[in-house]
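I have placed the structure first, in the form of structure tokens, so that the comments after it can refer back to it.
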Amino acid sequence: MPDAVHVGSGKVRELYALDDERLLLVASDRISTFDVVLPTEVPDKGRVLTGLSGFWFTRTRSIAPNHLLGLREDGRSTECRRLEMLPIECVVRGYLSGSGWRDYSATGAVCGHELPAGLVESTRLPEPIFTPATKAQSGHDENITGAQAAELVGAELYAEAERVCLELYRFAREYAAARGIVIADTKFELGLDGEGRLVLADEALTPDSSRFWPADEYTPGGPQPSFDKQFVRDFCEATGWDKTYPGPELPEEVVNGTRARYVEAFERLTGIAFDDYLADPEVVLR
Ligand SMILES: Nc1ncnc2c1ncn2[C@@H]1O[C@H](COP(=O)(O)OP(=O)(O)O)[C@@H](O)[C@H]1O
Ligand SMILES: [Mg+2]
């Protein structure tokens, strides 16, 4: 890519600088489970994440400005504004799952939010809660209280981030629920532009940044199947893998089943045929 300088690699994305103000985020087909990137890729997964993010960015502009400048023809490359990223992960939880469930079970609270006693795993919370986490350079992000997060970014910015993220989540969850997908929780990344405005960045409301559950199977009282990664998780668990690097190779039927689920999530949420996205990624931006 002659017009771009490689500036970094995340678990899923390659980052290139186009100039001082613009980045190119290229979403690979890498898949991680239990926080370990697996040796096998899931074809088109990066396109699903890119297309879904573009779709949500276009539909949430009135809630928050975002970093999107354009999608490239390959369907996996996002041109975006380069921001100064906040040093926190902005997590919103509408249901009690994952580390939220673990923290609640141990302490009755999640990130400083005291919750009613006796809630079961995967309960829908009375109101969504903002539960920030640190951005771990390696290993697991760690949940922190609002007070700790406010210390990291400043009280005013923290309050604004909380307000914006809760509104984004409420909008998306309602939208997805009508299409058979529960967005149990989600992680946003926010940054500041040159004028100090808070801007939504990274990927947004994708299966990788969120817990998507099939709505028709939702049964509180235990863990829920993942809409997208359940085949991978089941396969990995069955191998007896210890969940440390390196992970197992995925067999073809697991890859195909997982690709189909990612594509299904895309089509259900956007109402757009995935083939139409492949032909012209800008269909998600209209
Ligand atoms: N507009 C932006 N400006 C600067 N950095 C960004 C922007 N959008 C996303 N990023 C960063 O790009 C990286 C995306 O790569 P990814 O593979 O998702 O990383 P990770 O393994 O941290 O999830 C993240 O570090 C994210 O914070
Ligand atoms: Mg990421």
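Descriptive notes on the structure:
- Residues of the range 213-244 classified as of a type outside the set (A, V, I, L, M) and not in a loop (DSSP other than H, G, I, E, B), total: 12
- Annotation: Arg30 fulfils all but one of (1) closer than 23 Å to Asp280 by Cβ; (2) within 16 Å of ligand 2 (Cβ to nearest atom); the unmet one is (1).
- In the range 226-249, the residues that are of a type in the set (Val, Ile, Thr) and either touching a Gly at 6+ places or on another chain (Cβ under 7 Å) or without any contact (Cβ under 8 Å) to a residue 24 or more places away in the chain (or both): Thr239
- Only residues that are surrounded by 12 or more Cβ atoms within 10 Å (Cβ to Cβ), among the aliphatic types (A, V, I, L, M) and under 22 Å from the mean Cα position of the chain (by Cα) were counted in the range 108-149, giving 6.
- Flag for Thr219 being modelled with pLDDT of 95 or more, among the polar types (S, T, N, Q) and more than 22 Å from Arg30 (Cβ to Cβ): yes
- Selection within the range 234-284: residues that are surrounded by 13 or more Cβ atoms within 10 Å (Cβ to Cβ) and of a type in the set (S, T, N, Q). The member of this set that is farthest from Val36 (Cα to Cα) is Thr270.
- Some residue of the range 35-57 being farther than 30 Å from Glu162 by Cβ, within 15 Å of ligand 2 (Cβ to nearest atom) and surrounded by fewer than 23 Cβ atoms within 10 Å (Cβ to Cβ): yes
- Enumeration of residues in the range 162-212 that are within 15 Å of ligand 2 (Cβ to nearest atom) and in a loop (DSSP other than H, G, I, E, B): Asp202, Glu203, Ala204, Leu205, Thr206, Pro207, Asp208, Ser209
- Taking the numbered list (1) at pLDDT below 95; (2) not in a loop (DSSP other than H, G, I, E, B) in turn, Leu49 passes all entries but (1).
- Screening Asp141 against (1) modelled with pLDDT under 95; (2) among the acidic types (Asp, Glu); (3) more than 16 Å from Ile88 (Cα to Cα) leaves a single unmet condition, (3).
- Filtered by the rule that a residue be part of a loop (DSSP other than H, G, I, E, B) and free of Cβ contacts under 8 Å to residues at least 24 places away in the same chain, the range 75-113 gives a lone residue, Gly108.
The values are calculated or read from the model by the stated rules, or taken from the named source; none is laboratory data. No experiment lies behind these values; they were computed from the predicted model shown. Counting neighbours? That spans all protein chains shown, and the Cβs are built from the backbone with ideal geometry, glycine included.
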